[in-house]
Amino acid sequence: MLIYPKTKKGVQKDSPVWKEDNFLRLRGLADALVHKTDFKTEDGKNVLAGAYYERVRRELETLEAAKLAQLSKSLGPKAAALKAMPEPTGGSSNSSSLHTTGARRAAREAGERRARAASERKELIAAIRAELLDAEAQIKAETENATREVNKALSAEQLTLRRDWTAKQTELKNELFVEVKNHLEDFMESPEYQDYLCTRIQKAREFAGNDEIFIYLSAEDTALQRSIVAKTGFTVEISDEPFMGGIKATIPAKNILIDNSFLSAYEKLKKEFKFDGGLSHE
C-alpha cells in the first residue's frame, strides 16, 4: 500500500513509498467477500480486475509520478550546472609564447583550471547518473512489492471464489435433484407408471427364464399391487425397504439381484452429475 513517510521531526515527506501490507491474505479474503476484486478475460487468460486492482494501479501511477517529480526537482539544478559548464578543451599551448616565466605560470594555471573543471563535470555527470539509477531501482523495487501484494490478494481471492463456486454448485445441484424427485413423483401418479412397471416385470421374467424369480414393489406402490398382479398375471410382493418406485427382483438360483428401482437410479445420477459437462463417464 502507498504511504507518505515522515521525517524525524514529524514532517510528512512529499514522495510516497510502497509498504507491504502485513495482512495481505486477510485483506484479500475480505476484499473477496465484498466483491472488491473480480476476474476478466484478456487474450484467453484470467486477470485481476475490479476496485482493488484499480486502487493498486492508481497508487503505482501516483508513486511513479511522485518519484519523477522528486527526480526532476533534484536533478534540475544539477542539469543547469552541467549545461553552464564549458566543454572541455585540449588546452594546447604554443611553445613560442611560453618563453617568459609569467607565460609559463599562466599556462600552468589555465591547465589546472581545465583539469578542475573536467573533474567537476565528471563528478556531476556521475552524480546525475547515480541518482537516475537509484530512482529507477526504487520504482522497480516498489512495483515488484506491489505486484507481490496483488498476487497474494489474487491467491486469496481465487481460494474464496473457488469455495463460493463449490458451495453454489452444491446448492444448485440439490435444488436440481429436488426437481428430479418431484418429476418422478408426478410420473408415479400417472397411468403411464403402471405400464412402466408391467414392462419392467415382463423383462425381469424373460431374463430369469425357467428360474424362480421374486419381484418386489416399493412401499410407495402398495396401492398398485393388486392392479399390477392383475395386469401381469404374476405375483409381486411389497419390499420391506422403500426404494422410491420401480421394481426389484431376485433370482435365488443364480444369486442375482435386478435393481430397477428409482432410488438406485436417482442416487447414481446425483453422484455422477457434474456442472462441467453433466455426467462423469469414469
Can you list residues whose amide H is under 5 Å from residue 238's amide H, if they're 5+ apart or on another chain and H is modeled 1.01 Å from N?
217
Using every alpha carbon pair in the range 191-279, what percent of pairs falls into each 10 Å bin from 0 up to the bin containing the largest distance?
16, 46, 27, 10, 2
Residues whose modelled amide H sits under 5 Å from the amide H of residue 261, counting only those 5 or more places away in sequence or on another chain, are 247
Using the Cα atoms of the range 194-242 to build a convex hull, what is its mean projected area in square nanometres?
3.3
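Which FRET efficiency, nearest 0.05, do residue 177 and residue 57 yield, Cβ-Cβ r, R0 35 Å? It would help to have the intermediate numbers written out before the result.
Details: r = 44 Å, r/R0 = 1.26.
That gives a FRET efficiency of 0.20.
Rule-based calculations on the coordinates, nothing more; no lab input. Quick caveat: nothing in here was measured; it's all calculated off a predicted structure. Here the Cβ is made from the backbone with ideal geometry for all residues, glycine too, and neighbour counts use every protein chain on show.
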